[in-house]
Every structure is written in C-alpha cells, then in structure tokens.
Amino acid sequence: MQPLATVNDFLLAFPESEAIELSDLDDETPASLSSSRLEQGLLNASAEIYFQMRIPVADTSAAVLARLPIAQVWCINIARYRLDSYSPRDDVRQRYEDSLKQMADYLDQFDGNDNNGNGGASSLGNRPIMSVNLV
C-alpha cells in the first residue's frame, strides 16, 4: 500500500522542526528527521483512512481515493495526531477530529438512501472525486 501523503507533503504542511520532533518523541532534543518513523506514521494514517472509508487496500477504489485531494490532508492530519502520542495539542486533536468528521460526511453523501428507499453506493469507486475548501 502506498501512503496517501509523503514526508515531503508533511514538510510542506507543517514546520520541519515539528516533523523532527514528532519523528523522535523519545529524544528530548532530536537533531534530525527520522524519515522512516514519519513514513510509517503516514502509512498507518493511510490505513486508517482506508478503514474509515471502508475500502479494502487491494481494491481499485484505493486508486480513486489517492486522487481525492482531501485524502492527502486527512493523511497528514491523522499522522500528525498519531505521531504526537504523548499529549496531542488541542489544534492537532481538532484537525484529527475534523478529518474524521469530513470522512464521515463524505461517506454519508453516498451511503444514504435515495428517494426510492434504496441504499446508496457501497464502493468509493462509484463516488465522484470532490474538491474541498480547506480554509
């Protein structure tokens, strides 16, 4: 499985100093970025997104999700929250919770009943790619 965001994406979203700190919480004064720990965090966040969106990782829908622009933001926010395992700051927790809510809202758009009482689409592959304003 490919992560939905890269270390470079994370570094573009947040200061390098935070990435360095989050990649090595056991060291009180980390000197360098642990790319492997950050990559693992992004991979774990991606797995959480696939699970929340009810997509088997091997499903072709995963490719659709990778093209969903907001999926990268979700991945970065979830990884940041999960990596800050000791005591996430309020803003980090809020971004995490917002990401989970956005995923649920996205699913609700397609999993509800139609006007005939039929269930909605069950696969992200049947869902349109949407654009989300991040501001």
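Which whole-number percent gives the relative contact order of segment 7-112, counting Cα pairs below 8 Å spaced six or more residues apart?
Values: 85 pairs, mean separation 26.2, N = 106.
Value for segment 7-112: 25 percent.
Using modelled backbone amide H atoms (1.01 Å from N, in-plane), which distant-in-sequence or interchain residues come within less than 5 Å of residue 4's amide H?
46
What are the residues whose amide H is under 5 Å from the amide H of residue 34, where those residues sit 5 or more places off or on another chain and H is modelled from the backbone?
Under 5 Å from the amide H of residue 34: 23.
Size of the dipole of segment 7-112 about the Cα centre, Lys and Arg at +1 and Asp and Glu at -1 on the beta carbon, nothing else charged, in debye to 20?
For this selection, approximately 360 debye.
Bear in mind that the values in this text are calculations on the coordinates, not laboratory data. Just so you know, these numbers come straight off a predicted model, no measurement behind them. Please note: Cβ atoms are built from the backbone with ideal geometry, for glycine as well, and neighbour counts cover all protein chains shown.
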